[in-house]
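A.B. asks: Have a look at the structure that comes next, please.
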Amino acid sequence: MRSAIKLLYFSMGFFLLSCGGEGEHPLKEEHYYLEEVHKEWLAPDSIGEVFIMKDINGISSSFRMTGNNETFGKSWSTFLGINTRTSYTEECFQSFKSGFGMVLGISMRANSPPHGDHITISLEQVDFSYDFDFETIYSLYTPFGNKNLLMTDKGYEAHDDLEIMSTVEILDSLLTAYGTYQEVLHFTLKDFNNYWIDFTVIEIYLAKEVGLVKYVLASGISSERFPK
Amino acid sequence: MRSGYTYLLLGLIALILTGCPPLCEYKLIEYGTLSDEAINCSPYLDGQSYSFIHSEGQEVSFLASRTREMQTDYYDECTEVRSESDLSILTPDYPIFSCNVGIRKSDTTQYSCLIWAGGSSFWLPFTIQIDFGHTYFDSIQIGQNWYREVYKIGNNWRDGIPEGQILADSIYYNTSHGILKILMSNREFYEISN
């Protein structure tokens, strides 16, 4: 008799677990959209389009867009097998590859309040995510180590005293050898300095409605966007 | 009762096995080792540096590493092909592309030499039947020096370099110095420097 009850409990548990998931009729459905003003940070290019970067010594390289997707990521939560909430989150992904083998990624994701839309930029394995509302870099991935802030209801907190020293500032304009750009996101890597090598990307400049306009390596070599 | 289960299990196994395709006969094809003639297609020495000058004047030094090994490829699920390969990798000290020169036995008598540089690849024309266009020079001046027995080799892009991209368009190569010049699709170039 006891084993029959156990079997019943087990079956119920299994049933509830198997029901929990992507239900078609959630009790609550939410959509999170990227703010239009934030989407302007995406590059306006289409797949196959190319832009040119030229370094301080006159060496040119081309970056070709290899991917450009916009999706709504679906997530859900359940209680006792009932889908209580399904959310759809707007996400955009862009990828580029240079003729020299460098890889650039720009992605954006909407977020539920109080957190704001965030942008993730990666160039040559230096990858950071920035929350527009909190004006905070909350994750940093490099070949030398990673740092992540803890997301809480009140904002972001560093755990294990692993504060992110790297910074993002939004510049009104940027003057380069080949042009002037308005509203430029400027990232500066300030973490893991002792491990940098000459080719480590330590600064990234991304202009609104343009894309990558400049980057600087630890060796001091910088490359700037060259007009078509 | 237990023997009943055993028979049932054996029966299931037999059923599964009869559903499998017949085992094929394993074949190993040996292409053998590279000849001295093949090895000498690449002049690069392990641990040595090779310098180039960009058309705008920047010097770029490449450090060579060279390895030689037997490789096994699966021709199909029953056939393995073993052949020797020789790979020279040139790693730059400046943030541009690396260059590779790979030599491999393509059958028991022939070998092929493939060069990768600037995002394009190039077949050394006298080592293989595929030819994407080449010009042979008894002697030619590159930079300040004259070089003998030089091939100018076109890239392997079948439909041409994708529009707008800056990739290697052609290279100049001889077997005593290796890559002599890399001409990019935007007319920038890298020349060997002595």
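The values are calculated or read from the model by the stated rules, or taken from the named source; none is laboratory data. From a predicted model like this one, the values you see are computed outputs, not experimental measurements. Heads up, the Cβs are rebuilt from the backbone with ideal geometry, glycines too, and the neighbour counts pull from every protein chain shown.
A.B. asks: Sort out which residues of the range B:71-103 are within 26 Å of B:N174 (Cα to Cα), among the hydrophobic types (A, V, I, L, M, F, W, C), touching a residue at least 24 places away in the same chain (Cβ under 8 Å) and assigned to a strand (DSSP E or B), and write them in order of number.
C.D. replies: B:I89, B:L90, B:C99, B:V101, B:I103
A.B. asks: Any idea which of (1) within 14 Å of chain B (Cβ to nearest Cβ); (2) in a strand (DSSP E or B); (3) free of Cβ contacts under 8 Å to residues at least 24 places away in the same chain is the one A:N148 doesn't satisfy?
C.D. replies: Tallying (1) within 14 Å of chain B (Cβ to nearest Cβ); (2) in a strand (DSSP E or B); (3) free of Cβ contacts under 8 Å to residues at least 24 places away in the same chain, A:N148 fails exactly one: (1).
A.B. asks: Filter the range A:91-112 down to the residues that are in a loop (DSSP other than H, G, I, E, B) and out of contact with any helix residue (DSSP H, G or I) (no Cβ under 9 Å at 6 or more places or on another chain), then identify the one that is nearest to B:P162 (Cα to Cα). Walk me through how you get there before you give the answer.
C.D. replies: Applying the first criterion (in a loop (DSSP other than H, G, I, E, B)) to the range A:91-112 yields A:99-102, A:110-112.
Okay, now just the ones that are also out of contact with any helix residue (DSSP H, G or I) (no Cβ under 9 Å at 6 or more places or on another chain), so A:99-102, A:111-112.
Numbers: A:G99: 11, A:F100: 15, A:G101: 15, A:M102: 17, A:N111: 38, A:S112: 41 Å.
Among those residues, the one meeting the criterion is A:G99.
A.B. asks: Can you name the residue in the range B:163-194 that is away from every other protein chain (no Cβ under 14 Å) and over 17 Å from the mean Cα position of the chain (by Cα) and is also surrounded by the most Cβ atoms within 10 Å (Cβ to Cβ) among such residues? Spell out the reasoning first.
C.D. replies: Quick first cut of the range B:163-194, residues away from every other protein chain (no Cβ under 14 Å) only: B:170-181, B:192-194.
Narrowing the set further to residues that are over 17 Å from the mean Cα position of the chain (by Cα) leaves B:176-177, B:180-181, B:192-194.
Details: B:S176: 11, B:H177: 18, B:L180: 22, B:K181: 19, B:I192: 19, B:S193: 14, B:N194: 8.
Looking at residues that are away from every other protein chain (no Cβ under 14 Å) and over 17 Å from the mean Cα position of the chain (by Cα), I get B:L180.
A.B. asks: Keeping to the range A:91-131, report how many residues are touching a Cys at 6+ places or on another chain (Cβ under 7 Å) and in contact (Cβ under 8 Å) with a residue 24 or more places away in the chain. First the steps, then the outcome.
C.D. replies: Of the residues in the range A:91-131, the ones touching a Cys at 6+ places or on another chain (Cβ under 7 Å) are A:107-108.
So of that shortlist, the ones also in contact (Cβ under 8 Å) with a residue 24 or more places away in the chain come out as A:108.
Total satisfying the criteria: 1.
A.B. asks: Would you pick out the residues in the range A:36-95 that are within 14 Å of another protein chain (Cβ to nearest Cβ) and aliphatic (A, V, I, L, M)? Before you say what the answer is, go through the steps one by one.
C.D. replies: Kept after step one, since they are within 14 Å of another protein chain (Cβ to nearest Cβ), are these residues of the range A:36-95: A:45-66.
Selection gives A:I47, A:V50, A:I52, A:M53, A:I56, A:I59, A:M65.
A.B. asks: Also, I was wondering about something else. Can B:S112 be described as touching a Phe, Trp or Tyr at 6+ places or on another chain (Cβ under 8 Å) and not in a loop (DSSP other than H, G, I, E, B)?
C.D. replies: Values: touching a Phe, Trp or Tyr at 6+ places or on another chain (Cβ under 8 Å): yes; not in a loop (DSSP other than H, G, I, E, B): yes.
Yes, satisfied.
A.B. asks: Still on this structure, please answer the following. Does A:S219 satisfy the condition of being over 22 Å from the mean Cα position of the chain (by Cα) and within 13 Å of chain B (Cβ to nearest Cβ)?
C.D. replies: Details: over 22 Å from the mean Cα position of the chain (by Cα): yes; within 13 Å of chain B (Cβ to nearest Cβ): yes.
Yes; evaluated as a whole, the condition is true for this residue.
A.B. asks: While we're on this one: For the range B:136-154, does any single residue satisfy the condition of being in a loop (DSSP other than H, G, I, E, B) and within 14 Å of chain A (Cβ to nearest Cβ)? Show your work before the answer.
C.D. replies: Kept after step one, since they are in a loop (DSSP other than H, G, I, E, B), are these residues of the range B:136-154: B:143-144.
The next check asks that each one be within 14 Å of chain A (Cβ to nearest Cβ); those that pass are none.
No, every residue in the range B:136-154 fails to be in a loop (DSSP other than H, G, I, E, B) and within 14 Å of chain A (Cβ to nearest Cβ).
A.B. asks: Next question. Could you list, in sequence order, all residues of the range A:209-224 that are surrounded by 20 or more Cβ atoms within 10 Å (Cβ to Cβ) and either in a loop (DSSP other than H, G, I, E, B) or modelled with pLDDT under 95 (or both)?
C.D. replies: Answer for the range A:209-224, where residues must be surrounded by 20 or more Cβ atoms within 10 Å (Cβ to Cβ) and either in a loop (DSSP other than H, G, I, E, B) or modelled with pLDDT under 95 (or both): just A:V210.
A.B. asks: With respect to B:W116, determine if the residue is more than 27 Å from A:N57 (Cα to Cα), touching a residue at least 12 places away in the same chain (Cβ under 8 Å) and in contact with a strand residue (DSSP E or B) (Cβ under 8 Å, 6 or more places away or on another chain).
C.D. replies: No, not satisfied.
A.B. asks: From the list A:Y178, A:Y195, pick out the single residue that is within 21 Å of A:D45 (Cα to Cα), of a type in the set (S, T, Y), touching a residue at least 24 places away in the same chain (Cβ under 8 Å) and surrounded by fewer than 18 Cβ atoms within 10 Å (Cβ to Cβ).
C.D. replies: Details: A:Y195 fails: within 21 Å of A:D45 (Cα to Cα).
Going through A:Y178, A:Y195 in turn, just one is within 21 Å of A:D45 (Cα to Cα), of a type in the set (S, T, Y), touching a residue at least 24 places away in the same chain (Cβ under 8 Å) and surrounded by fewer than 18 Cβ atoms within 10 Å (Cβ to Cβ): A:Y178.
A.B. asks: Quick check on the range A:186-200. Is at least one of its residues acidic (D, E), more than 14 Å from chain B (Cβ to nearest Cβ), in contact with a Leu (Cβ under 9 Å, 6 or more places away or on another chain) and in a strand (DSSP E or B)? Give the steps one after another, and end with the answer.
C.D. replies: From the range A:186-200, those acidic (D, E) are A:191, A:198; that's our starting set.
The next check asks that each one be more than 14 Å from chain B (Cβ to nearest Cβ); those that pass are A:191.
Then keep just the ones that are in contact with a Leu (Cβ under 9 Å, 6 or more places away or on another chain); that gives A:191.
Subset that is in a strand (DSSP E or B): none.
No, the conditions are met nowhere in the range A:186-200.
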